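Please read the structure below before turning to the comments.
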Amino acid sequence: MLLAGFSATANAQEAELQAALDGIKSKAPNVADLAKTAYKKNKKDADALMKIARAYYAQKDTAGAILFCNYANEAGKPKYQYAPAYLLLGDIEASYGSDGGKAAGYYNQAINFDPRNPEGYKKWAMVYRKISPSQAAKKLQDMKAMCPNEDVDAITAHIYMLAGDEKQAYENYAKADISKLDKSYLNEYVRASYFTGHFEDALKAAEAGLKIEEEVRRCKGLHPQVLQRDRQRQVL
């Protein structure tokens, strides 16, 4: 009987949560009531409350997103140390606010409470690059110590490229593992190399980018003749 009661409660929590998520997505007229009911059923479940916060954020409803971020932060253990809430609060300020320092503060809190999650470092650096690209790069070095699997050199290069510093961008891309760079990073590597006079590296990055394109097309089942035609079009 005890297990049956627990299962029924869990099912009710999930149902109310899903109803709120569906209501937010469809912009149902009673969405506020659905969200309120879901909160009452899940007020101790930080992860569930963050799902609602993210749903509001996806609909550009910042007030709802902030409210449920705060609910989730309160439900987290320890209380008010729930890193995902600070990450989303930072995203809200970075996307819709005007205070980059405030957004960076939220991301820094996320780093403090979950130092092995690379997202906080990356988001902090993206916001802070507008103030000081070198400080943003320094923060990414902190990430390197805590998140050794992250390609810090590539991310740092991207930060410098956005800041318009091709020299620093090139130097960091040159240290990165080219086999792990995606198409957008390779494109930046090409430009940074070209503008700093490193033409061989520009060619190397361009060839790596072409290999990615060929692999994508191969996965889509394109015939080699089509690949050759596309190459000819690119040259023209």
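The values are calculated or read from the model by the stated rules, or taken from the named source; none is laboratory data. Note that this is a predicted model, so its numbers are computed, not measured. Cβ: placed from backbone, ideal geometry, glycine included. Neighbour counts: every protein chain shown. To get the accessible areas, we keep the full protein, side chains included, count just its heavy atoms, and leave off ligands, DNA and RNA. Shrake-Rupley method; radii C 1.70, N 1.55, O 1.52, S 1.80 Å.
Numbers at a glance
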{"read-out": "Filter result for the condition that a residue is in a helix (DSSP H, G or I) and either touching a strand residue (DSSP E or B) at 6+ places or on another chain (Cβ under 6 Å) or not charged (D, E, K, R) (or both), over TYR80, TYR121", "value": "TYR121"}
{"read-out": "Residue selected from the range 145-176 under the condition open to solvent by less than 20 Å² (accessible area, probe 1.4 Å) and polar (S, T, N, Q), by the criterion farthest from TYR128 (Cα to Cα)", "value": "ASN172"}
{"read-out": "Selection count, the range 82-110, where residues are surrounded by 15 or more Cβ atoms within 10 Å (Cβ to Cβ) and in contact (Cβ under 8 Å) with a residue 24 or more places away in the chain", "value": "16"}
{"read-out": "Which listed residue is in contact with an Asp or Glu (Cβ under 9 Å, 6 or more places away or on another chain), surrounded by 19 or more Cβ atoms within 10 Å (Cβ to Cβ) and modelled with pLDDT of 95 or more, from TYR71, TYR57", "value": "TYR57"}
{"read-out": "Set SER184, SER132, SER179: member being hydroxyl-bearing (Ser, Thr, Tyr), surrounded by fewer than 19 Cβ atoms within 10 Å (Cβ to Cβ), within 24 Å of GLU214 (Cβ to Cβ) and free of Cβ contacts under 8 Å to residues at least 12 places away in the same chain", "value": "SER184"}
{"read-out": "Selected residue [aliphatic (A, V, I, L, M), part of a helix (DSSP H, G or I) and over 15 Å from ALA46 (Cβ atoms)] from ALA110, ALA94, ALA85", "value": "ALA94"}
{"read-out": "Criterion (closer than 20 Å to TYR57 by Cβ and either touching a Leu at 6+ places or on another chain (Cβ under 6 Å) or outside any helix (DSSP H, G or I) (or both)) met by exactly one of ALA103, ALA72", "value": "ALA72"}
{"read-out": "Residue within the range 167-180 that is at negative phi, at pLDDT below 95 and in contact with a Leu (Cβ under 7 Å, 6 or more places away or on another chain) present", "value": "no"}
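Each row is one residue, and each column tells you yes or no for (1) modelled with pLDDT of 55 or more; (2) exposed (fewer than 12 other Cβ atoms within 10 Å of the Cβ).
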{"site": "PHE195", "(1), (2)": "yes, no"}
{"site": "GLU200", "(1), (2)": "yes, yes"}
{"site": "LYS204", "(1), (2)": "yes, no"}
{"site": "GLU215", "(1), (2)": "yes, yes"}
{"site": "HIS223", "(1), (2)": "no, yes"}
{"site": "ARG233", "(1), (2)": "yes, yes"}
